[in-house]
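Trainee: Pasting a structure below so you can have a look.
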Amino acid sequence: INWFPGHMNRARNQIEEAMPDIDLVVEVLDSRLPYSSTNPLVDELRVGKPCIKVLNKADLSDPKITKLWIEHFEKQDNTHALALVAEDHKQSQKLIQLIKNIVNQSEDKKTNIRVMIMGIPNVGKSTLINSLAGRYIANTGDEPAVTKRQQMIDLKNGVVLSDTPGILWPKFENFHSGYRLATSGAIKNTAMEYEDVAMYALEYLSKAYPEALMTRYKLEVLPESGESLLDMVARKRGCIRSGGKVDLHKAGEIVLHDFRSGKIGLLSLETPEMMVAEEIIAEELI
Ligand code: GDP
C-alpha cells in the first residue's frame, strides 16, 4: 500500500472518532524494531488512555534487547509492555490478563473492557486478533477501512475489540527506519532494491551479531562494507550468473529471507540506546 495524504487523514479520523469509546489501546510493534515500527501518532491519538505496547514476533528478536525495550516502555506514562508471539494462544491470553489488571486497577470493575488494536501494517495485528478470538476473524490487510462500522468483536472473556482498524502508516522520516522496515519486510521491496536493503542489514549485523553472521554464511572474516559482505555471501552461496558475475540480487534475497525467518539467529535491529543517539542527530539536523 502506498500511503497518500487522503489515506492518512481517513485513518486518523476513524481512530479519533472511535477513541472516546475505548478503554485501552494495544499498539502492536515488531520486537526487532520497536522504534521504527511505531507510529508516534498512537501516543497522541490515545489521549491519555492506557496503552500496552505488544512487542510481537518475540520468536525472532534478541531476547536481551527485547527486555531492554520493555523496561524502556514501562518508564513511559500510562504505558505497559509485553513481548509475545501473536499466533500462540497461550501467550495472547497473557495479554488479556494484563488488560484486565490495568483497567480494573484504575477504574471501577468494568464488565466489558473496550480495546483498540493499533499499529502499522505487517506487525501482526490480524494474527493477534485471530489468536485472541481463538478463531478466524481478522484479515485486516493493510488498507484503512473504507466502510465505517462501529462493531465490536466480543472475545467473551470480558474484553471486546473495536473493529475500527487502528492501522497507521510507517514513518519514513529517518533513513535508518526505512531500511529497518524494509529489512523486516514491513515495506515492500519494490520501494528499495533488494541488494541495498541486504547490504544495510549485513553491515548492521556484522557489527551487532558478528558470530551469528559468520556461522550462517561460513565466513572467516567480516569486511567493513555492506557491499563486500554481500559479495562474499554471494560467492559462498554460489550466486554466480553465467559469465561468472556475482548475482547480488539473488544473494540479497537469501540474506533477507534468512533474516526474516530467523535463520541467522534471534536478532534485533535497534536498541533503546541507539534510538536516543539517532533522535539527537535528527534534531541537530533540523
Ligand atoms: P498486520 O498487517 O499487522 O495485520 O499483520 P499480520 O497479522 O498480517 O502479520 C504479518 C506477517 O507476520 C504474517 O506473515 C504473519 O504470519 C507474521 N507474524 C505475525 N505474528 C508473528 C509472530 O509472532 N512471529 C512470527 N515469526 N511471525 C508473525
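Trainee: Please go through segment 47-70 and give me each residue that is free of Cβ contacts under 8 Å to residues at least 40 places away in the same chain and at negative phi, ordered by number.
Mentor: We begin by selecting, within segment 47-70, every residue free of Cβ contacts under 8 Å to residues at least 40 places away in the same chain; these are 47-49, 51, 53, 55, 58, 64, 67, 70.
Correct list: Lys49, Cys51, Lys53, Leu55, Ala58, Lys64, Lys67, Ile70.
Trainee: Of the numbered conditions (1) in contact with an Asp or Glu (Cβ under 9 Å, 6 or more places away or on another chain); (2) over 24 Å from Ile15 (Cα atoms); (3) more than 12 Å from the ligand (Cβ to nearest atom); (4) open to solvent by 60 Å² or more (accessible area, probe 1.4 Å), Ile65 satisfies every one except a single condition; which is it?
Mentor: (4) is the only condition that Ile65 fails.
Trainee: Please name all residue pairs, on different chains or six or more residues apart, with Cβ atoms under 8 Å, provided the first residue is in segment 78-89 and is touching a residue at least 40 places away in the same chain (Cβ under 8 Å) and the second residue is assigned to a loop (DSSP other than H, G, I, E, B) and more than 7 Å from the ligand (Cβ to nearest atom).
Mentor: Sorted first by the residue in segment 78-89, then by its partner, the pairs are Ala83/Ser31; Ala83/Ser61; His89/Gly134.
Trainee: Let me ask you something else. Condition test on Val85, is it surrounded by 23 or more Cβ atoms within 10 Å (Cβ to Cβ) and either within 16 Å of the ligand (Cβ to nearest atom) or part of a helix (DSSP H, G or I) (or both)?
Mentor: No; evaluated as a whole, the condition is false for this residue.
Trainee: With the requirement that a residue be farther than 13 Å from Ser36 by Cβ, more than 16 Å from the ligand (Cβ to nearest atom) and not β-branched (Val, Ile, Thr), what does segment 174-200 give you?
Mentor: Correct list: Ala191, Met192, Glu193, Tyr194, Glu195, Asp196, Ala198, Met199.
Trainee: While we're on this one: Residues that are open to solvent by less than 60 Å² (accessible area, probe 1.4 Å) and touching a helix residue (DSSP H, G or I) at 6+ places or on another chain (Cβ under 6 Å): does segment 6-15 have at least one?
Mentor: First, pick out the residues of segment 6-15 that are open to solvent by less than 60 Å² (accessible area, probe 1.4 Å): 6-8, 11, 14-15.
Still in the running and touching a helix residue (DSSP H, G or I) at 6+ places or on another chain (Cβ under 6 Å): 15.
Yes, segment 6-15 has at least one match.
Trainee: Quick check on this structure: which one of Leu60, Leu29, Leu95, Leu55 is assigned to a loop (DSSP other than H, G, I, E, B) and within 15 Å of the ligand (Cβ to nearest atom)?
Mentor: Going through Leu60, Leu29, Leu95, Leu55 in turn, just one is assigned to a loop (DSSP other than H, G, I, E, B) and within 15 Å of the ligand (Cβ to nearest atom): Leu60.
The values are calculated or read from the model by the stated rules, or taken from the named source; none is laboratory data. In this text, all values refer to a predicted model and were calculated from it rather than measured experimentally. For neighbour counting, all protein chains shown are included, and Cβ atoms are generated from backbone atoms with ideal geometry for every residue, glycine included. Note: accessible area is taken over every heavy atom of the protein model, side chains too, but ligands, DNA and RNA are not part of it. Shrake-Rupley method; radii C 1.70, N 1.55, O 1.52, S 1.80 Å.
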